[in-house]
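Below: one structure, written as structure tokens.
Bear in mind that the values in this text are calculations on the coordinates, not laboratory data. Just so it is clear, the model here is predicted, and its values are computed rather than measured. Every residue, glycine among them, receives a Cβ derived from its backbone with ideal geometry; neighbour counts consider all protein chains shown.
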Amino acid sequence: MLLTDLLVIIFLVSQSAFLFAAYVFFASGVDDLFIDGLFYLKVNKDTGVAAKRTEDQLLKATGSPPISPMAIMLPAWDEANILVPAVTNMMETLDYPSYHVFLGVYPNDPETIAAANRLKEKDHRIHVVTTSHPGPTCKADCVNQILSAIIAFETEHAIVFKGVVMQDAEDVLNPRLLHICNAALENYDVIQVPVLSLPRRRRDIVGCHYMDEFAEFHSKEAVVREYLSHTVSGAGVGTCFSRRAIIIAREQFGTVFNTSSLTEDYDFSMRMHSHGIRHHMLWLTSKVPGRTTKYAATQELFPNRFWASVRQKTRWTIGIAFQGWSQLGWKGTWAQRYFFWRDRKMIFFSHAILIGYFAILLYLGLWIYSALDPFAYQVPPLLREDHPLWIVIWFNLFLLLHRLVQRSIFTWFHYGKRYLPLIVVRYFLAILINYVAMIRATRIWLRHKRTGETIGWDKTTHDFEGELNDKEAQT
């Protein structure tokens, strides 16, 4: 084969890869534009942040229901370092007269057990539930055993919990959370309050990219999903389940949460919709002054190291995309199937990012070679000037700019303009993290399908710092 023939083949490969990536970007971008358009034209002003609903309006709409007992469940594996300060902070800040906290610990985690027992000794509302299996099992297994303990507690103490709130140990709760859930449960079975990252130092770009992602996703995608499909994908924290929802799940499936899913919260929401469970994404302005968010949200510190973030997103990807597809299929209304597609499209579309970059680098290498050697094969442009695909290329550039503007809007809205300068860097970092997580999730899933090996709970190491003050956040 002549060198010229090889160069022509390389050119054709780069051109084909470039065209493929361009069409994939176009298809995914149009899909995203549909969500954006529906959000701004309809959903935001009805149920989103622009609706500016208040707790007083919620109480009025639900008839100001009397205070009912509520339960909070916290699964805790290897949380000895943060459990005491986190739960103590939660108990000191929650403004609700009737609630109990159930801490799920593992028999082979003595440090966390000791921390949980110290908390129990200080407050009679705290109860320690030791699981029957050594850890780490999946989170669903731990939560199911906590729920069994809650039901046993109800029988023993002649008490009925109106709702059960799922949280993680490191979460910072809005003080009015239980008041809000107590009222909202009058009309809904699953309540999801927004989940937002606590402010990070601006130089912690891995941690800060969660601020961008959650601000946009829970402000926009989640409320549009509820509007179209009447479901809200559970976030695992800040989620309140009615007693009715828990009883129906136990009757239908034997256990409440699916122990074969790494994202039991998402799985619960999707499975239970067909059983008449009513979901709601609840955006309410906060009545508590001096908070880092003006909305009644659950906040936490997400990982601020690259591989810790990859591991966390690997777990989310396996649970939502791969296990969701395998176990939930494509059942439901057209809207539910559409959002299943949005949940799973990155299994295919994420690779177009790598292919696109590969095509550009390949072509750039050819161009440099031909520029340095005047006798070499003269590389033609990837597209001739009058090629109709330029419309797609320019539209893709518009879509990229649009995505950056969208990300900036929600980050600025929730955290202020001081986080905007590095938002482009964080956007492309998020693409890299998400893609590496997709590759890792695909490898783990294929190994599971080939060998039957159980996919373990690749737990994220958590930090707890409470709410960072403004000075620290601006550092």
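Does the range 263-323 classify as rounded, prolate or oblate by the C-alpha gyration tensor (a ≥ b ≥ c root eigenvalues; a/c under 1.5 gives rounded; else a/b over b/c gives prolate, otherwise oblate)?
The shape class here is oblate.
When DSSP assigns beta bridges and you keep just the ones with both residues in the chain, what percent turn out antiparallel, to the nearest 5?
Antiparallel bridges: around 30 percent, rounded to the nearest 5.
Work out the FRET efficiency for Asp31 and Ser98 from their Cβ-Cβ distance, taking R0 = 45 Å, and round it to the nearest 0.05.
The calculated FRET efficiency here is 0.50.
Find how much the distance from Thr285 to Leu354 grows on full extension, using 0.36 nm per residue of separation minus their present alpha carbon separation; answer in nm with one decimal.
Extra length available between Thr285 and Leu354 comes to 20.8 nm.
Using just the helices of the chain, give the 222 nm mean residue ellipticity in deg cm²/dmol: DSSP H runs with n ≥ 4 each add -39,500 (n - 2.57), and the total is spread over all residues, rounded to 500. Write out the running numbers ahead of the final one.
Values: 18 runs with 255 residues, N = 475.
The per-residue figure over the chain is -17500 deg cm²/dmol.
For the chain, find the longest principal axis of its Cα atoms and tell me its angle to the long axis of helix 243-253, 0 to 90°, nearest 10.
70 degrees
Check cross-link reach from Lys345 to the aspartates and glutamates: straight Cα distance under 16 Å, and skip same-chain residues fewer than eight apart.
Within reach: Asp31, Asp32, Glu221.
Expressed in nm to one decimal, what extension gain is obtained for the pair Ala152 and Ile347 from 0.36 nm per residue of sequence separation less their Cα-Cα distance?
Length difference between fully extended and current span is 66.0 nm.
Quick check on packing: order 275-287, 228-240 by the mean number of other C-beta atoms within 10 Å, highest mean leading.
Per-residue mean Cβ counts within 10 Å order the peptides as 228-240, 275-287.
Using θ = phi - 60° and the Karplus curve 6.51 cos²θ - 1.76 cosθ + 1.60, what whole-Hz ³J(HN,Hα) does each residue of the range 288-299 get, with Gly and Pro shown as x?
Ordered by residue, 3J(HN,Hα) equals 9, x, x, 8, 6, 9, 8, 10, 6, 10, 9, 10 Hz.
Within the range 172-269, report the trypsin sites (Lys or Arg not before Pro) that DSSP leaves as loop and that have at most 14 other Cβ atoms within 10 Å.
The qualifying sites are Arg201, Arg203.
Once R0 is set to 35 Å, what does the formula 1/(1 + (r/R0)^6) return for the Cβ-Cβ distance between Ile409 and Ile9, expressed as a FRET efficiency to the nearest 0.05?
0.20
Taking amide H atoms as placed 1.01 Å from N in the peptide plane, list the residues 5 or more away in sequence, or in a different chain, whose amide H sits under 5 Å from that of Val172.
Gln299, Glu300
Can you give the FRET efficiency to the nearest 0.05 for Ile368 and Thr54, using r as the Cβ-Cβ distance and R₀ = 45 Å?
Approximately 0.15, to the nearest 0.05.
So what's the range 232-295 giving for Rg/Rh, alpha carbon basis, Kirkwood Rh from the mean inverse pair distance?
1.08
To make sure I understand, if each residue's beta carbon is the centre and we count other beta carbons within 10 Å, what order do Leu420, Leu397 fall in, fewest to most?
Listed from fewest to most nearby Cβ atoms, that is Leu397, Leu420.
Report the gain in length on full extension from Lys42 to His230: 0.36 nm times residue separation, minus Cα-Cα distance, nm rounded to one decimal.
Once the chain is fully extended between Lys42 and His230, it gains 66.2 nm.
Which value in Å does the Kirkwood hydrodynamic radius of the range 1-132 take, with 1/r averaged over all unlike C-alpha pairs and then inverted? Please list the in-between numbers first.
On the way: mean 1/r = 0.0477 Å⁻¹.
Its Kirkwood hydrodynamic radius stands at 21.0 Å.
Evaluate the distance, in nm, between pseudo-label points positioned 7 Å from the Cα of Lys122 and of Leu446 along their respective Cα→Cβ axes.
Between Lys122 and Leu446, the label points sit 4.9 nm apart.
Whole percent per 10 Å bin, from 0 to the bin with the longest distance: what is P(r) over all C-alpha pairs of the chain?
Values per bin, smallest distances first: 4, 18, 28, 25, 13, 6, 4, 1, 0, 0.
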